[in-house]
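Asks: Sharing a structure here in structure tokens format.
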Amino acid sequence: MKLPIYLDYSATTPVDPRVAEKMIPYLVEKFGNPASRSHSFGWEADAAVEQAREQVAALVNADPKEIIWTSGATESNNLAIKGAAHFYAGTKGKHIITVKTEHKAVLDTVREMERQGFEATYLDVQENGLLDLEAFKAAIRPDTVLASVMFVNNEVGVIQPIAELGEICREKGIVFHVDAAQATGKVDIDLQQLKVDLMSFSAHKTYGPKGIGALYVRRKPRIRLEAQMHGGGHERGFRSGTLATHQIVGMGEAFRLAKEEMAEENKRIGALRDKLLKGLQDIEATYVNGDLTHRVAHNLNISFAYVEGESMIMAIKDLAVSSGSACTSASLEPSYVLRALGRDDELAHSSIRFSIGRFTTEEEIDYAIKLLHAKVGKLRELSPLWEMVQEGVDLSTVQWAAH
Amino acid sequence: MSYSVKVIDHYENPRNVGSFGKEEDGVGTGMVGAPACGDVMKLQIKVNKSGVIEDAKFKTYGCGSAIASSSLVTEWVKGKTVDQALSIKNTEIAEELALPPVKIHCSILAEDAIKAAVADYKKKHGE
């Protein structure tokens with residue numbers, strides 16, 4: 001077993017070696033510009049791009065013509081939200097609905113729309129991290145033009161009720177955008193069934209390369225967008241810029257593998273996650289963050305109370321994980337996602353996200369469980385909060401000197 | 001976060017972890033910070049008859065540099081009089097541990113912990 005052990009697949013995944021192998025020829029020999037119509041170099045690259053488009057579309061049961069290449073999910077989210085809101089603002093209105101637990105690529109884009117004169121509603125989630133459909137309905141206004149809700153949350157892995165939300169939006173004539181960066185290869189996505197108008201994808205969360213993503217733009221009923229990137233009119237004018245053939249080929253192959261293997265893979269990964277959960281639950285005062293049923297198989301987000309997240313990460317440096325602790329971010333604020341779940345700040349600071357993936361082994365999970373038992377114990381010996389709790393002090397009654 | 005060798009040493013081998021009885025003679029207890037902010041430090045000093053700190057203990061909930069800062073001050077206060085201990089400045093702590101700028105608040109908290117422990121000692125001993 002090699003150390004450190006990578007348990008941060010929700011941050012990014014390695015490129016599957018089978019994917020890398022497919023990409024390399026498009027860097028060296030088959031380097032043509034897919035937009036070159038006058039020679040075989042261009043035709044060859046164009047064929048590879050179109051094959052990849054089919055592979056991406058196949059994973060989500062869409063028409064290849066509905067797939068637009070972008071640089072990643074952040075760009076897809078920007079193009080979807082800005083592009084649709086601007087296009088439909090004149091006919092529909094200037095109100096946008098989103099959720100407090102969205103990725104920053106959505107939240108910050110919606111903030112920008114507010115600066116441009118739109119109004120926004122940021123919905124709370126329930127304690128389990130899921131959006132309440134009634135609260136969503138209640139937020140809809142006659143001038144609501146767009147709603148943006150993520151499929152799978154990046155921190156706690158909960159799956160939002162996209163099918164139900166799609167029905168509501170379609171009935172009300174609201175453009176519905178879904179950030180699915182964390183969902184591909186993890187949950188079944190059928191865009192023939194789901195009433196989603198725009199969906200963002202990323203390659204590097206699904207064993208493809210970084211720097212490439214896609215946006216699904218529905219054709220029936222047709223969704224129109226204002227382009228955000230102008231130039232040579234690539235991607236039917238939605239997104240100009242020379243296509244990165246090797247990246248696109250990588251994304252296509254990664255999504256093809258996901259379609260082929262996800263059923264088996266999710267079973268295996270789910271069993272490992274459940275083993276990890278079981279192995280950690282006998283540590284006193286641990287709390288799972290987010291719903292356990294409506295959740296992807298890969299994610300486990302746990303707060304080890306009275307142990308601060310960054311010191312925990314230092315103690316378990318053999319494990320590559322992430323934390324909602326303020327100390328692991330530049331902002332000195334604990335995770336806004338966990339706070340939106342109603343977790344108090346102490347538990348947000350104490351949270352660790354484990355995300356399991358294709359190359360995680362059972363031996364690695366066993367190692368992680370053993371290590372965590374030892375280190376949580378050690379850090380609690382060091383924790384004045386743990387000492388007070390052992391003495392029977394109720395921490396919520398203590399007057400803290402805030403600094 | 002990339003830390004200095006000294007922070008990592010204090011984090012991995014924290015000095016003087018533990019507690020004295022709060023009512024023990026000569027003991028001053030300082031507790032600073034708040035769980036919501038992600039750091040709580042408890043520093044205790046044990047002062048002998050001649051006003052010299054002869055022992056110190058700490059427990060800290062917080063990041064690596066908070067643990068290191070409090071571990072370091074338990075070493076520094078030992079052998080000092082309570083008034084000498086009060087002259088320890090956060091800048092010296094930050095410099096000794098080469099704390100990155102975003103972690104300076106940890107050294108401030110450690111200085112506050114010394115002040116709080118001394119104040120508690122003085123209050124109990126009628127100074």
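The values are calculated or read from the model by the stated rules, or taken from the named source; none is laboratory data. Since the structure is predicted, the reported quantities are computational estimates derived from the model, not experimental observations. Counting neighbours? That spans all protein chains shown, and the Cβs are built from the backbone with ideal geometry, glycine included.
Asks: Considering A:Val145, A:Val156, A:Val106, which residue is closer than 27 Å to A:Arg353 by Cα and not in a loop (DSSP other than H, G, I, E, B)?
Replies: A:Val106
Asks: Restricting the search to the range A:207-226, which residues are out of contact with any Asp or Glu (no Cβ under 9 Å at 6 or more places or on another chain) and either at pLDDT below 95 or on the phi < 0 side of the Ramachandran plot (or both)?
Replies: Matches in the range A:207-226: A:Pro209, A:Lys210, A:Ile212, A:Ala214, A:Arg222, A:Arg224, A:Leu225, A:Glu226.
Asks: Looking only at the range A:79-107, count every residue that is β-branched (Val, Ile, Thr) and surrounded by fewer than 20 Cβ atoms within 10 Å (Cβ to Cβ) and tell me the total.
Replies: 1
Asks: Check whether at least one residue in the range B:105-114 is touching a residue at least 12 places away in the same chain (Cβ under 8 Å) and outside any helix (DSSP H, G or I), and report yes or no.
Replies: Looking through the range B:105-114, none of the residues is touching a residue at least 12 places away in the same chain (Cβ under 8 Å) and outside any helix (DSSP H, G or I).
Asks: Could you count how many residues in the range B:44-53 are among the polar types (S, T, N, Q) and more than 14 Å from chain A (Cβ to nearest Cβ)?
Replies: Total satisfying the criteria: 2.
Asks: Going residue by residue through the range A:7-23, is there one that turns out to be surrounded by 21 or more Cβ atoms within 10 Å (Cβ to Cβ), aliphatic (A, V, I, L, M) and either assigned to a strand (DSSP E or B) or touching a strand residue (DSSP E or B) at 6+ places or on another chain (Cβ under 9 Å) (or both)?
Replies: Among the residues of the range A:7-23, at least one is surrounded by 21 or more Cβ atoms within 10 Å (Cβ to Cβ), aliphatic (A, V, I, L, M) and either assigned to a strand (DSSP E or B) or touching a strand residue (DSSP E or B) at 6+ places or on another chain (Cβ under 9 Å) (or both), which makes the answer yes.
Asks: Oh, and also: Restricting the search to the range B:7-31, which residues are buried (at least 24 other Cβ atoms within 10 Å of the Cβ) and touching a Phe, Trp or Tyr at 6+ places or on another chain (Cβ under 9 Å)?
Replies: Passing the criteria: only B:Gly28.
Asks: Looking only at the range A:287-327, which residues are part of a loop (DSSP other than H, G, I, E, B), closer than 26 Å to A:Phe151 by Cβ and hydrophobic (A, V, I, L, M, F, W, C)?
Replies: Passing the criteria: A:Leu292, A:Val296, A:Ala297, A:Val321.
Asks: Test A:Val125 against the stated conditions and say whether it is crowded, with 21+ Cβ neighbours inside 10 Å and under 20 Å from A:Gly157 (Cβ atoms).
Replies: So A:Val125 fits the description; yes.
Asks: Sticking with this structure for a sec: I'm told A:Glu381 meets every condition in (1) within 22 Å of the chain's Cα centre (by Cα); (2) within 14 Å of another protein chain (Cβ to nearest Cβ) except one. Can you identify the failing condition by its number?
Replies: Of the numbered conditions (1) within 22 Å of the chain's Cα centre (by Cα); (2) within 14 Å of another protein chain (Cβ to nearest Cβ), the odd one out for A:Glu381 is (1).
Asks: Return the pairs, sorted by first residue and then second, in which the second residue is assigned to a strand (DSSP E or B), the first residue lies in the range B:56-72 and is more than 8 Å from every other protein chain (Cβ to nearest Cβ), the beta carbons are less than 6 Å apart, and the residues are 6+ apart or on different chains.
Replies: B:Ala56/B:Ile45; B:Lys57/B:Gln44; B:Phe58/B:Leu43; B:Ser70/B:Met41; B:Ser70/B:Phe58; B:Ser70/B:Thr60
Asks: So B:Met41 fits all but one of (1) crowded, with 16+ Cβ neighbours inside 10 Å; (2) away from chain A (no Cβ under 12 Å); (3) in contact with a helix residue (DSSP H, G or I) (Cβ under 7 Å, 6 or more places away or on another chain); what number is the exception?
Replies: Condition (2) is where B:Met41 drops out.
Asks: Check off (1) away from chain B (no Cβ under 11 Å); (2) under 27 Å from the mean Cα position of the chain (by Cα); (3) modelled with pLDDT under 95 for A:Phe354 and give me the number that stays unchecked.
Replies: So A:Phe354 meets the others, but not (3).
Asks: Here is a follow-up. Let me confirm something: among A:Ala183, A:Ala214, which residue is of a type in the set (A, V, I, L, M, F, W, C) and in a strand (DSSP E or B)?
Replies: Residue meeting the stated conditions: A:Ala214.
Asks: Now, a different point. Condition (residue is buried (at least 24 other Cβ atoms within 10 Å of the Cβ), in contact with a Lys or Arg (Cβ under 8 Å, 6 or more places away or on another chain) and either of a type outside the set (D, E, K, R) or modelled with pLDDT under 95 (or both)) applied to the range A:280-291: is it met by at least one residue?
Replies: Looking through the range A:280-291, at least one residue is buried (at least 24 other Cβ atoms within 10 Å of the Cβ), in contact with a Lys or Arg (Cβ under 8 Å, 6 or more places away or on another chain) and either of a type outside the set (D, E, K, R) or modelled with pLDDT under 95 (or both).
Asks: What residue, among those in the range B:14-33 that are free of Cβ contacts under 8 Å to residues at least 12 places away in the same chain and more than 18 Å from the chain's Cα centre (by Cα), is farthest from the other protein chains (Cβ to nearest Cβ)?
Replies: Among those that are free of Cβ contacts under 8 Å to residues at least 12 places away in the same chain and more than 18 Å from the chain's Cα centre (by Cα), it is B:Asp25.
Asks: Does B:Ala36 meet the test of being within 13 Å of chain A (Cβ to nearest Cβ), surrounded by fewer than 18 Cβ atoms within 10 Å (Cβ to Cβ) and closer than 18 Å to B:Ile108 by Cβ?
Replies: So B:Ala36 fits the description; yes.
Asks: While we're looking at this one, here's another question. Go through the range A:348-398 and give me each residue that's closer than 16 Å to A:Glu284 by Cα and part of a strand (DSSP E or B).
Replies: Matches in the range A:348-398: A:Ser351, A:Ile352.
Asks: Still on this structure, please answer the following. Going residue by residue through the range B:3-18, is there one that turns out to be in contact with a Ser or Thr (Cβ under 8 Å, 6 or more places away or on another chain), under 14 Å from A:Leu385 (Cβ atoms) and aromatic (Phe, Trp, Tyr)?
Replies: No, because not a single residue in the range B:3-18 is in contact with a Ser or Thr (Cβ under 8 Å, 6 or more places away or on another chain), under 14 Å from A:Leu385 (Cβ atoms) and aromatic (Phe, Trp, Tyr).
Asks: Take the conditions assigned to a loop (DSSP other than H, G, I, E, B) and at the interface with chain A (Cβ under 9 Å from one of its Cβ atoms) and apply them to B:Tyr11. Does it pass?
Replies: Criteria not met by B:Tyr11.
Asks: Can you spot a residue in the range A:68-76 that is of a type in the set (S, T, N, Q), part of a helix (DSSP H, G or I) and closer than 28 Å to A:Gly324 by Cβ?
Replies: Scanning the range A:68-76, I find at least one residue that is of a type in the set (S, T, N, Q), part of a helix (DSSP H, G or I) and closer than 28 Å to A:Gly324 by Cβ, so the answer is yes.
Asks: Among the residues of the range B:62-78, which ones are modelled with pLDDT of 95 or more and not in a helix (DSSP H, G or I)?
Replies: B:Lys78, the sole residue that qualifies.
Asks: Kindly indicate which of B:Lys6, B:Lys103 is within 16 Å of A:Ser311 (Cα to Cα), basic (Lys, Arg) and within 13 Å of chain A (Cβ to nearest Cβ).
Replies: B:Lys103
Asks: If you check every pair at least six apart or on different chains, which have Cβ atoms under 8 Å apart with a residue in the range A:90-105 that is among the small types (Gly, Ala, Ser) first and a residue that is assigned to a strand (DSSP E or B) second?
Replies: If the second residue must be assigned to a strand (DSSP E or B), the pairs left are A:Gly93/A:Thr144; A:Gly93/A:Val145; A:Ala105/A:Asp179.
Asks: Looking at the range A:84-103 only, could you name the residues that are over 24 Å from A:Asn153 (Cβ atoms) and part of a helix (DSSP H, G or I)?
Replies: Residues satisfying the conditions are A:His86, A:Phe87, A:Tyr88, A:Ala89.
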